[in-house]
Each structure stands twice: as structure tokens, then as C-alpha cells.
């Protein structure tokens with residue numbers, strides 16, 4: 001099995017100086033890398049009854065859909081404000097330069113459903129925290145939050161753990 005970090009391209013100073021952007025498009029374009037990643041994300045939850053995988057826009061859609069198929073679960077998109085066509089609930093979150101909102105359809109999950117939250121990367125944790133709040137507002141039971149990459153120095157995983165949500169990550173990268 002190949003170390004998944006070998007499939008991740010690092011782009012210095014993107015989107016601004018001092019940021020080391022971890023680009024997963026190289027992982028997604030590799031059939032072996034993508035399969036290994038999806039298998040690794042799904043493996044800890046094979047014996048748990050996952051009803052839905054919730055994926056955070058946009059790379060969480062790609063990975064979350066594949067993980068949902070692997071687990072025999074449904075997929076629920078967690079989208080940016082104004083992108084869903086039906087009635088929604090909304091949750092604001094803080095960015096380094098302001099605020100944004102995530103939304104889910106009001107009927108996206110059944111109450112007491114087991115939910116696995118999926119995204120490509122956990123940095124400061126703002127989007128994942130907002131998604132967790134949305135799922136809980138719909139009375140979903142969050143089994144875990146699963147990420148390909150964690151940037152531990154930014155503390156996002158710790159913020160998710162503080163919400164009593166298990167965090168599963170495949171790769172840790174130092175820096176921002």
C-alpha cells in the first residue's frame with residue numbers, strides 16, 4: 001500500500017503567501033490513490049450502521065459519495081448558502097476574513113440517523129463545526145468526522161473532538 005501523502009501535491013504560497021496548499025486533485029486523478037483513499041476512509045465504519053454520509057462542498061462531495069457507496073449509505077450534500085433548491089437550514093461559520101454559511105435541506109436526514117461527516121481537509125475546523133451543528137439541528141447522530149488531511153497546527157481536529165465527535169484522518173501535514 002502506497003503512502004497517500006505521495007499522491008498529494010503541495011503548492012507553496014497559494015492562495016496567499018505563507019500558505020502551503022495541499023492539493024488532492026492529484027490523488028483524485030489516480031485510480032489507485034483514489035481507491036486506496038476511499039477504502040481507508042470507509043474501513044473504520046464498515047461494521048457501524050452508517051445511514052448517511054454528509055459531504056462538505058466541494059471536495060467532500062467527491063469523497064463522501066464514494067465513501068457512501070462503499071458503506072451502502074445515502075449521501076447528503078452540505079452546501080454553501082443559496083445552492084440547494086428546497087427548504088434549508090443554515091449555519092454561519094467564521095473565516096479568517098469574515099463569515100460564510102453552510103446549508104442542508106430540512107429533510108436531508110431522518111432523526112436519529114447515524115451520520116459520517118466527510119471532507120478532504122481539516123484546518124481551523126470552521127466548516128466542519130458548522131456541518132456538525134446542522135446535522136445535530138436535524139437530530140442526526142454523528143458517528144465521526146473523517147478527513148483525508150489534518151493540519152494539526154491549526155487545531156481544527158481538536159475543536160471537533162471538543163464537540164464530542166470522533167475524528168478520523170488519514171494524513172497529517174505540518175504547517176498551514
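I'm trying to understand the selection: among the residues of the stretch 5-15, which are out of contact with any helix residue (DSSP H, G or I) (no Cβ under 6 Å at 6 or more places or on another chain) and either in a helix (DSSP H, G or I) or more than 15 Å from residue 171 (Cβ to Cβ) (or both)?
Correct list: 5, 6, 11, 12, 13, 14, 15.
Which members of the stretch 63-80 meet the condition of being part of a loop (DSSP other than H, G, I, E, B) and under 17 Å from the mean Cα position of the chain (by Cα)?
73
Hey, any hits in the stretch 80-87 for a residue that's under 22 Å from residue 147 (Cβ atoms) and either modelled with pLDDT under 95 or buried (at least 17 other Cβ atoms within 10 Å of the Cβ) (or both)?
Looking through the stretch 80-87, none of the residues is under 22 Å from residue 147 (Cβ atoms) and either modelled with pLDDT under 95 or buried (at least 17 other Cβ atoms within 10 Å of the Cβ) (or both).
Which condition number in (1) touching a strand residue (DSSP E or B) at 6+ places or on another chain (Cβ under 9 Å); (2) over 22 Å from residue 25 (Cα atoms) is the one that residue 123 fails?
In the conditions (1) touching a strand residue (DSSP E or B) at 6+ places or on another chain (Cβ under 9 Å); (2) over 22 Å from residue 25 (Cα atoms), residue 123 misses (2) alone.
Looking only at the stretch 9-51, count every residue that is within 17 Å of residue 118 (Cβ to Cβ) and surrounded by 14 or more Cβ atoms within 10 Å (Cβ to Cβ) and tell me the total.
17
Can you work out which of the residues in the stretch 16-47 that are in a loop (DSSP other than H, G, I, E, B) and modelled with pLDDT of 95 or more is nearest to the chain's Cα centre (by Cα)?
Selected residue: 24.
For the stretch 140-156, give me each residue that is within 18 Å of residue 67 (Cβ to Cβ) and not in a strand (DSSP E or B).
Scanning the stretch 140-156 gives a single hit, 140.
Over 10 Å from the mean Cα position of the chain (by Cα), surrounded by fewer than 24 Cβ atoms within 10 Å (Cβ to Cβ) and not in a loop (DSSP other than H, G, I, E, B): does that describe residue 165?
no
When the stretch 56-67 is examined, which residues are found to be free of Cβ contacts under 8 Å to residues at least 24 places away in the same chain and in contact with a strand residue (DSSP E or B) (Cβ under 7 Å, 6 or more places away or on another chain)?
61, 65
Under 8 Å between Cβ atoms, at least 6 apart or on separate chains: pull out the pairs that start in the stretch 107-120 with a residue that is at positive phi and surrounded by fewer than 17 Cβ atoms within 10 Å (Cβ to Cβ) and end on any residue that is at pLDDT 95 or above and assigned to a strand (DSSP E or B).
Correct list of pairs: 112/141.
The values are calculated or read from the model by the stated rules, or taken from the named source; none is laboratory data. Note that the coordinates shown come from a computational prediction; the quantities given were computed from them, not determined experimentally. Positions of Cβ are backbone-derived with ideal geometry, glycine not excepted, and every protein chain shown enters the neighbour counts.
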